[in-house]
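Where a number appears in this text, it was derived from the coordinates with a stated rule and is not lab data. Keep in mind it's a predicted model, so treat the numbers as computed, not measured. Cβ sites come from the backbone with ideal geometry, for glycine too, and all protein chains shown count toward neighbours.
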């Protein structure tokens, strides 16, 4: 991509995106500019990723075409108002601030730039997982492509209506936590029945990767796969019965709905 990219904020999520952009070859390090207030963090990012550090909004806007808002939601208003007077029509603002809609960002920034919103996936280091992307209707195809470079560099991109971002956050962004909880439970069960923790972890983690791969590559309904695995009087159906008795399916749905309610409250 020929455009330069700037970041307001250099925290963990910003660093994950920077790492993805550089490692994917999408953007060179010398085309990335970061405004980060913590001196120690500045030094770290410059040394670790060879990106450019800038100290004020004017310098950032002069050097960066796309500017990523990577600050805490409670700091977004001051950051937007700080950069606003330095922006013109060549700039695109991309926000990764959770819970802050484009119309709110617009009220802080003004009408002279285009605004996109991203909800990044939480497994950036794996290069897998979806990020949600919403852009305004007046984005050109090239501008859409330029913004998508960011999400494609850290996994896969799903264009979503902004009204679905809260649901995406609850299901996708918090989703890895649910898998981790289940993996820990499976590992503990393995230890209880006599397998070492190291062996149990290896078995569980590889099974998770293999199962995800199968589900992503088949048109079969998931229950068709389990039906094929559950032989009459076998071990699978015995465990399946226990899960059904414990209300696993409903508990998982309850957890996602609770996360969604909390997301909307924060928004």
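Among 243, 33, 165, the largest mean-square fluctuation in a Gaussian network model of the chain, built with springs joining Cα atoms closer than 10 Å, belongs to 243.
Antiparallel as a % of all DSSP beta bridges within the chain, to the nearest 5? Could the numbers behind the result be given before it?
On the way: 4 of 27 bridges.
Beta bridges within the chain, antiparallel portion: roughly 15 percent.
Among 245-256, 89-100, 72-83, the peptide with the highest mean count of other Cβ atoms within 10 Å heads the list, and the full ranking is 89-100, 72-83, 245-256. Out of every Cα-Cα pair that segment 125-267 contains, those further apart than 20 angstrom amount to 64 percent. With an 8 Å Cα cut-off and a minimum separation of 6 or more residues, compute the relative contact order for segment 1-157 in percent. Once divided by the residue count of segment 1-157, the mean separation gives 22 percent. Helix 197-217 and the longest principal axis of the Cα set of the chain meet at an angle near 70°.
What FRET efficiency would be calculated for the residue pair residue 229, residue 125, taking the C-beta separation as r and a Förster radius of 45 Å, to the nearest 0.05?
Working: r = 31 Å, r/R0 = 0.69.
It comes to 0.90.
Mind giving me the FRET efficiency for residue 161 and residue 111? R0 is 22 Å, r the Cβ-Cβ distance, nearest 0.05 is fine. The calculated FRET efficiency here is 0.50.
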